[in-house]
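Colleague: Encoded as structure tokens, here's the structure I'll be asking about.
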Amino acid sequence: MDHEHTTLADDLERMLATQSDRRQSLRWLFAGAAALPLIGCGGGGSDTAATASTTTGTGSTGTTTGTGSNGTCSVIPEETGGPYPGDGTNSNGSGIANALTLSGIVRGDIRTSVSPGSATAAGIPTTLKLQIVNVGNSCASAAGAAVYLWHCDRDGNYSMYATGLTKENYLRGVQEADSSGIVTFTTIFPGCYAGRMPHIHFEVYPSLAKATSAANRVKTSQFTFPMATLNEAYSTTAYASSSRNLSSISYATDNVFSDGTSLQIASVTDDPVNGYVVTLTIGVSL
């Protein structure tokens, strides 16, 4: 038996014309679909899931944008912790190097070592003010998160690893974010060693209680400084070797920052005489 061939539009028209209850159901269905929230970036979950939606090529994992009362924030790229993390994940030749378990490592002023060390790092006084924001929670301040931070001294050496410094732990410290998500460290401006742009390493932890084991970290990254600041700081006599090293490297050739620095260059105010104040907003997914 031959059947009349109709289009989908014809079938829908006939159905809606003869069955008012279905017509109303469809209206409800369409209205409900329109009211469903769109799934946007910055909605939580892991960095991998978040970066799948918005990748700009800035940093090794791209960026994730979220909006909230503080405006727009992005997940800072994941970067290597380098060979000198001091977080218990490697050895310094004398055993496991782990600053996270040291008594007194939770501190604001990281210029002087805690026991078993006692040395103080010399250099341009620098205040670091880092605001941790939770991209997974509409850029809200990540109050209660913790940051472990470390960097080289003005000669390019890392405590806990460099020859003569394996018992020292200066320029390493842990801080808990305040109610505004801010951690503050008093330190010195880092030097520039051969092959790398000047930088500061950090790890973010969900809480201070969890900042005792690297297994609990939710982000490992690095940040750097404006070129004008680097040239200014390294024009001082104490940083002469840094000036020479900087002349042979750039952001474009650095093995960490060559893929973009828009989320990793801190703002710097003041000067080498009075000391620097460095600020940066760091987006993570908690």
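The values are calculated or read from the model by the stated rules, or taken from the named source; none is laboratory data. Only a predicted model underlies this, so the values are computations on that prediction, with no experimental measurement involved. Don't worry about glycine lacking a Cβ; one is built from the backbone with ideal geometry, like all the others, and counts go over all protein chains shown. Just so you know, the surface numbers come from the protein's heavy atoms only, side chains and all, with ligands and any DNA or RNA stripped out. Shrake-Rupley method; radii C 1.70, N 1.55, O 1.52, S 1.80 Å.
Colleague: I'd like the distance separating the alpha-carbon centroids of region 100-116 and region 147-187, in whole Å.
Modeller: 8 Å
Colleague: Per-residue counts of other Cβ atoms within 10 Å, averaged by peptide: what ranking do you get for 196-203, 137-144, 113-120, highest first?
Modeller: Highest-to-lowest ranking by the protection proxy: 196-203, 137-144, 113-120.
Colleague: Note down, for region 146-286, the three equivalent ellipsoid semi-axes (square root of 5 times each alpha carbon gyration tensor eigenvalue), biggest first, whole angstrom.
Modeller: Calculated on Cα positions only, the semi-axes equal 25, 18, 15 Å.
Colleague: Let me ask something additional. With all pairs of different alpha carbon atoms counted, what Kirkwood hydrodynamic radius in Å does region 218-286 show?
Modeller: 13.5 Å
Colleague: May I ask you to evaluate 6.51 cos²θ - 1.76 cosθ + 1.60, the Karplus curve with θ = phi - 60°, for each residue of region 157-172 and list the ³J(HN,Hα) values in order in whole Hz, giving x for glycine and proline?
Modeller: Per-residue couplings from phi come out as 9, 9, 4, 6, 10, 5, 4, x, 10, 5, 9, 8, 9, 5, 6, 9 Hz.
Colleague: Given R₀ = 35 Å, what would the calculated FRET efficiency be for GLU176 paired with SER267, taking r from the Cβ atoms and rounding to 0.05?
Modeller: Efficiency, from the Cβ-Cβ distance: 0.95.
Colleague: Counting only heavy atoms of protein chains, what accessible area per residue, in Å², does region 132-286 have with a probe of 1.4 Å? List each step's numbers first, then the result.
Modeller: On the way: 5640 Å² over 155 residues.
Averaged over the residues of region 132-286, the accessible area is 36 Å².
Colleague: For region 154-198, go through all pairs of different Cα atoms, get the mean of 1/r, take its inverse, and jot down that Kirkwood value in Å.
Modeller: This gives a value of 12.5 Å.
Colleague: Return the long-range amide H neighbours of ALA140 (sequence gap of 5 or more, or a different chain), with a cut-off of under 5 Å between placed amide H atoms.
Modeller: When sequence neighbours closer than 5 places are left aside, the close amide H contacts are ASN134.
Colleague: Per 10 Å bin from zero, what fraction in whole % of the C-alpha pairs of region 67-184 is there, up to the bin with the longest pair?
Modeller: Going from the shortest bin to the longest, the percentages are 13, 39, 30, 15, 3.
Colleague: What part of the accessible area of region 158-227, given as a whole %, is carbon or sulfur when the probe is 1.4 angstrom?
Modeller: C and S atoms contribute 52 percent here.
Colleague: Provide the gained length on full extension for the span ALA194 to LEU208, in nm with one decimal, where the gain is 0.36 nm per separating residue minus the Cα-Cα distance.
Modeller: Length gained between ALA194 and LEU208: 1.6 nm.
Colleague: If you take the charge dipole of region 116-271 about its Cα centre, with +1 on Lys and Arg Cβ and -1 on Asp and Glu Cβ, which of ASN169, LEU130, THR253 is farthest toward its positive end?
Modeller: Of the listed residues, the answer is ASN169.
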